[in-house]
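Heads up, the thing below is written out as structure tokens.
The values are calculated or read from the model by the stated rules, or taken from the named source; none is laboratory data. Treat the numbers as computed from the prediction; the structure is a model and nothing was measured. FYI the Cβ positions are ideal-geometry reconstructions off the backbone, even for glycines, and counts take in every protein chain you see. Accessible surface is based on the protein model in full, side chains and every heavy atom, while ligands, DNA and RNA are left aside. Shrake-Rupley method; radii C 1.70, N 1.55, O 1.52, S 1.80 Å.
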Amino acid sequence: MTKRRASATTTAAAEPLRIVPLGGVGEIGKNMTVFEYGDEIVVIDCGLAFPDEEMYGIDLVIPDVTYLKERRGKVKAFLITHAHEDHVGALPYVLPAFPGVPVYASTLARGLLANKFKEHKLRDHPLHALEPGETVSLGVFTARGFRIGHSIPDAMGIALGTPLGTVVHTGDFKFDQTPVDGKGTDFHELARLGADGVLCLLSDSTRSESPGYTPSERTVGEAFRGIMEGLDGRVIVATFASNIARIQQVFDAAGEFGRKVAVIGRSMEQNTRIASDLGYLKPGAGQQVPKDRLRDIPDAELCIATTGAQGEPMAGLARMANRDHRFVEIGPGDTVIVSASPIPGNEEYVARTIDNLFKVGANVYYHAIRHAHVSGHASQEELKLMLNLTRPRAFIPVHGEFRMQVAHGRIAAEVGVSPENIFILENGQPLEFFPDGLIRRGSSVEAGMVFVDGLSVGEVGDVVLRDRRALASDGIFLCVVTVDRQNGSLVGKPEIVTRGFVATPDAKLLAGATERITRVLAGPGDRIDRINEIALLKEKLKDGLSQYLYESTKRRPMVMPVVVEV
Ligand SMILES: [Zn+2]
Ligand SMILES: [Zn+2]
């Protein structure tokens with residue numbers, strides 16, 4: 001504990017400032033942080049995460065916002081750092097609980113969000129401008145956006161003025177000295193913040209394990225040109241739909257070799273249209289061609305930009321590789337550039353897509369072969385620079401799994417942040433700042449995962465998932481047992497249906513199961529006279545059959561007995 005003065009005076013400034021991460025620590029994705037002072041709350045980002053392979057059937061994962069819902073009246077604003085899904089993707093699911101609470105974002109983010117809001121029938125939700133260099137007053141807070149480099153244009157960090165001092169949240173960032181759009185990080189602003197005093201820094205830990213510097217986005221353009229030089233077949237570049245700078249570089253490199261560009265893939269078409277309208281993407285005059293006109297253009301003059309760089313089975317690249325795409329079939333003579341590195345968890349999909357591309361005869365450049373991709377996140381030396389510029393009193397590494405937070409914490413200690421002021425937090429664990437200088441961890445609040453499955457939000461929980469995992473690993477064993485209402489004995493043969501367990505239950509298994517059912521029915525005290533005894537009987541049948549099936553097959557299918565009385 002740091003110095004704690006016994007203060008008798010209770011003024012408004014005696015309130016603590018609370019910072020509560022609701023997502024994005026101990027994990028990659030669903031970034032969301034709450035800043036609370038007295039009766040006022042502002043939230044930075046509201047992102048989603050993609051399900052891991054254990055989460056069968058789940059479409060998206062969003063943060064549990066119970067804490068905010070319980071303090072609905074306090075919430076003044078949602079501040080958005082940039083429009084990546086892991087920072088804005090949960091908004092459509094969270095905002096309906098906060099009608100009228102404004103969302104602040106920069107121009108491109110607003111363009112992309114307006115589209116998202118329209119799709120989710122949130123057209124009227126207030127969406128306000130907060131551009132880099134602008135300040136907005138939100139009750140006791142002031143929020144100032146500052147420009148920061150990242151893999152989407154218009155990304156911002158946020159300097160939040162609070163009654164106890166300035167808190168700086170970097171959002172996602174890298175220090176690109178030669179950004180493609182010429183709009184680099186506002187180093188002067190960061191230095192000014194540091195000179196004025198920063199109470200706490202929250203900084204991106206995604207690449208805290210990588211030494212050195214992350215290369216400039218421009219190096220990707222050089223790689224594109226190196227690959228395209230001298231080719232006379234088509235070039236297909238797959239990348240992230242939101243990486244407008246990358247798509248710009250596809251246009252630029254293609255343009256140098258006299259190629260036109262078609263953008264294919266729903267999200268990329270949408271994003272490039274919005275980015276072009278807002279002036280963030282500048283194709284050469286007449287360079288962009290509609291996808292239904294591809295056949296009119298000679299192979300040597302064509303480049304296609306598409307989605308699916310993460311191997312997503314339904315996205316452009318995978319469908320083109322599987323010859324399942326309406327406009328493009330990839331084949332011999334085509335060159336494919338997968339301009340991304342697999343996000344952890346997607347390695348398998350990416351590997352399969354690359355295999356399929358080679359199988360159909362294409363030449364493929366991907367992360368292991370050529371560096372046609374750079375990260376949008378800062379490496380260790382950049383993280384040090386961020387810490388040295390802002391010189392925070394306290395430090396919270398965010399946006400990263402636990403080990404990345406720890407690595408980032410060590411970096412902070414190396415550049416001189418006091419180790420007792422470096423806080424590795426978990427989701428739901430508040431950090432409290434007191435006027436007398438005390439900083440301490442508060443007691444944890446509700447936080448975690450909410451699953452989106454089809455149209456349902458939060459209905460599918462751990463119990464449903466446990467069932468899905470059981471079904472996926474050993475299948476289901478369903479038996480219909482008909483019993484005599486009078487004496488509780490088995491009537492006829494039990495009917496057995498299995499799925500995902502065995503192709504067809506053989507005679508031996510059926511006989512064994514029937515024998516076990518008979519034994520359960522004959523057991524003491526199992527006469528059926530009341531409804532609740534049927535439930536008990538079902539339990540016993542379930543236990544007996546599960547045991548039998550495990551003994552005879554060493555597998556544990558989900559057993560579902562159905563009891564019918566006659
Ligand atoms: Zn990002
Ligand atoms: Zn992110």
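Of all residues in the stretch 122-158, how many are part of a strand (DSSP E or B) and within 16 Å of ligand 2 (Cβ to nearest atom)?
4
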Any residue that is closer than 29 Å to Asn243 by Cα, under 16 Å from the mean Cα position of the chain (by Cα), modelled with pLDDT under 95 and surrounded by fewer than 20 Cβ atoms within 10 Å (Cβ to Cβ) - is there at least one of those in the stretch 88-96?
no
Of the residues that sit in the stretch 227-253 and are assigned to a loop (DSSP other than H, G, I, E, B), closer than 20 Å to Ser375 by Cα and hydrophobic (A, V, I, L, M, F, W, C), which one is least open to solvent (accessible area, probe 1.4 Å)?
Ala241
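Filter the stretch 28-39 for residues that are crowded, with 20+ Cβ neighbours inside 10 Å and of a type outside the set (Lys, Arg); which is nearest to ligand 2 (Cβ to nearest atom)? Write out each step before concluding.
Quick first cut of the stretch 28-39, residues crowded, with 20+ Cβ neighbours inside 10 Å only: 29-37.
Filter once more, so that each one left must be of a type outside the set (Lys, Arg): 29, 31-37.
Numbers: Gly29: 7, Asn31: 6, Met32: 11, Thr33: 12, Val34: 17, Phe35: 18, Glu36: 23, Tyr37: 26 Å.
Checking each candidate, the answer is Asn31.
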What pairs can you find where one residue is in the stretch 480-493 and on the phi > 0 side of the Ramachandran plot, the other is in a loop (DSSP other than H, G, I, E, B) and open to solvent by less than 70 Å² (accessible area, probe 1.4 Å), and their Cβ atoms are less than 7 Å apart, with a gap of 6+ or different chains?
Gly488/Asp526; Gly488/Ile528
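Condition check: part of a strand (DSSP E or B) and either in contact with a Gly (Cβ under 6 Å, 6 or more places away or on another chain) or of a type outside the set (A, V, I, L, M) (or both). Does Glu53 satisfy that? So that I can check it myself, show each step before the final result.
Working: part of a strand (DSSP E or B): no; either in contact with a Gly (Cβ under 6 Å, 6 or more places away or on another chain) or of a type outside the set (A, V, I, L, M) (or both): yes.
Spelling it out, it is not the case that Glu53 is part of a strand (DSSP E or B) and either in contact with a Gly (Cβ under 6 Å, 6 or more places away or on another chain) or of a type outside the set (A, V, I, L, M) (or both).
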For the stretch 167-196, enumerate the residues that are over 28 Å from the mean Cα position of the chain (by Cα) and either among the aliphatic types (A, V, I, L, M) or over 30 Å from Glu222 (Cβ atoms) (or both).
Ala191, Arg192, Leu193, Gly194, Ala195, Asp196
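Tally up the residues in the stretch 279-300 that are among the aliphatic types (A, V, I, L, M) and open to solvent by 80 Å² or more (accessible area, probe 1.4 Å), please.
If we filter the stretch 279-300 for residues that are among the aliphatic types (A, V, I, L, M), which is where we start, we get 281, 285, 289, 294, 297, 300.
Applying the additional criterion that residues be open to solvent by 80 Å² or more (accessible area, probe 1.4 Å) yields 285.
Residues meeting the conditions: 1.
Of these, Gly139, Gly182, which one is under 23 Å from Phe434 (Cβ atoms), open to solvent by 10 Å² or more (accessible area, probe 1.4 Å) and out of contact with any helix residue (DSSP H, G or I) (no Cβ under 8 Å at 6 or more places or on another chain)? Working first, answer last.
Details: Gly182 fails: under 23 Å from Phe434 (Cβ atoms).
Gly139 is the lone residue from the list that is under 23 Å from Phe434 (Cβ atoms), open to solvent by 10 Å² or more (accessible area, probe 1.4 Å) and out of contact with any helix residue (DSSP H, G or I) (no Cβ under 8 Å at 6 or more places or on another chain).
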Just one of the numbered conditions (1) polar (S, T, N, Q); (2) under 18 Å from the mean Cα position of the chain (by Cα); (3) surrounded by fewer than 24 Cβ atoms within 10 Å (Cβ to Cβ) is not true of Thr66; which one?
(2)
